[in-house]
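Data first, discussion second: the structure below is written as structure tokens.
The values are calculated or read from the model by the stated rules, or taken from the named source; none is laboratory data. The shown structure was predicted, so the numbers you read here are calculated from the model rather than taken from an experiment. A quick note on method: Cβ atoms are made from the backbone with ideal geometry, for glycine too, and the neighbour counts reach across all protein chains shown.
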Amino acid sequence: MSISAFAIQQNFNTKNAMASKMISELLHVRKETIRECLAICDQEEHRLEEVLKINGVQYINDSQAENVNAVYFALDSVEYPIVWIVGGVDKGNDYEPLLPLVREKVKAIICMGKDNHNIIKTFVNVVDFMIETPSVSEAVNIAYKLTEKGDAVLLSPACESYDMFDGYEDRGKKFRQAVRKL
């Protein structure tokens with residue numbers, strides 16, 4: 001089965017799908033059943049969820065990414081220049097592992113939440129533009145102004161959401177709403 005036939009195309013999902021396929025084969029699941037499952041697997045809500053494409057800019061809801069490792073895979077999966085919306089309740093995260101991907105792919109960082117000190121300290125000299133915002137709607141509006149055709153706006157916070165939201169689902173829902181209002 002070709003990877004292009006997988007319903008979910010992001011790098012980390014492709015790896016998960018390939019591992020699932022191998023295990024299924026070891027359990028003697030019919031190849032046709034495996035093929036059908038991989039072809040119809042739904043995109044998980046709030047995990048690299050493509051919300052809308054506006055003026056050639058893809059808006060991506062990755063609100064579920066509340067740790068550095070999840071954000072690493074998100075940044076790695078996006079193939080366009082990124083305006084990254086990040087922040088929330090920082091749990092003492094070490095953002096250093098993200099530096100190579102941020103240098104390569106991120107053109108601007110929009111910090112959202114109460115405690116952005118570690119984020120700012122880590123990336124202030126890495127990107128050309130960084131700003132803090134008090135709301136998701138303001139973050140989306142700023143991102144809209146910073147992007148051009150072929151870019152992506154990625155909400156991938158690396159932090160918990162309880163400073164401004166009821167949880168990552170609420171944060172993702174409000175991100176989608178703000179994008180739809182553009």
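Quick one: which of 74, 143, 108 is modelled with pLDDT under 95 and within 21 Å of residue 54 (Cβ to Cβ)?
Answer to the selection: 74.
Kindly establish whether residue 109 is assigned by TED's automatic domain parsing to the domain that holds residue 131, out of contact with any Asp or Glu (no Cβ under 8 Å at 6 or more places or on another chain) and without any contact (Cβ under 8 Å) to a residue 40 or more places away in the chain.
yes
Which residue, of 121, 145, 149, is in the same structural domain as residue 99 (by TED's automatic domain parsing), surrounded by fewer than 21 Cβ atoms within 10 Å (Cβ to Cβ), of a type in the set (Lys, Arg) and not in a helix (DSSP H, G or I)?
The match here is 149.
Going by what's in this entry, would residue 127 be described as in contact (Cβ under 8 Å) with a residue 24 or more places away in the chain and in contact with a Leu (Cβ under 8 Å, 6 or more places away or on another chain)?
For residue 127, the condition - in contact (Cβ under 8 Å) with a residue 24 or more places away in the chain and in contact with a Leu (Cβ under 8 Å, 6 or more places away or on another chain) - is not met.
Quick check on my filter: what residues within segment 45-80 are part of a loop (DSSP other than H, G, I, E, B), within 16 Å of residue 157 (Cβ to Cβ) and charged (D, E, K, R)?
Across segment 45-80, the qualifying residues are 45, 47, 62, 66.
Could you go through segment 135-153 and let me know if any residue there is within 14 Å of the chain's Cα centre (by Cα) and acidic (Asp, Glu).
Within segment 135-153 (the criterion being within 14 Å of the chain's Cα centre (by Cα) and acidic (Asp, Glu)), the answer is yes, since at least one residue qualifies.
Exactly one condition in (1) more than 29 Å from residue 56 (Cα to Cα); (2) not in a loop (DSSP other than H, G, I, E, B) is false for residue 94; which is it?
(2)
Please identify the pairs in which a residue from segment 85-103 that is not assigned by TED's automatic domain parsing to the domain that holds residue 63 and of a type outside the set (Gly, Ala, Ser) has its Cβ atom under 6 Å from the Cβ atom of a residue that is part of a loop (DSSP other than H, G, I, E, B) and surrounded by fewer than 18 Cβ atoms within 10 Å (Cβ to Cβ), counting only partners at least 6 apart or on another chain.
none
Could you pull out the residue among 167, 150 that is at pLDDT below 95 and small (Gly, Ala, Ser)?
The unique qualifying residue is 167.
Which of the residues spanning segment 152-171 are assigned to a helix (DSSP H, G or I) and within 20 Å of residue 95 (Cβ to Cβ)?
Those that are assigned to a helix (DSSP H, G or I) and within 20 Å of residue 95 (Cβ to Cβ): 168, 171.
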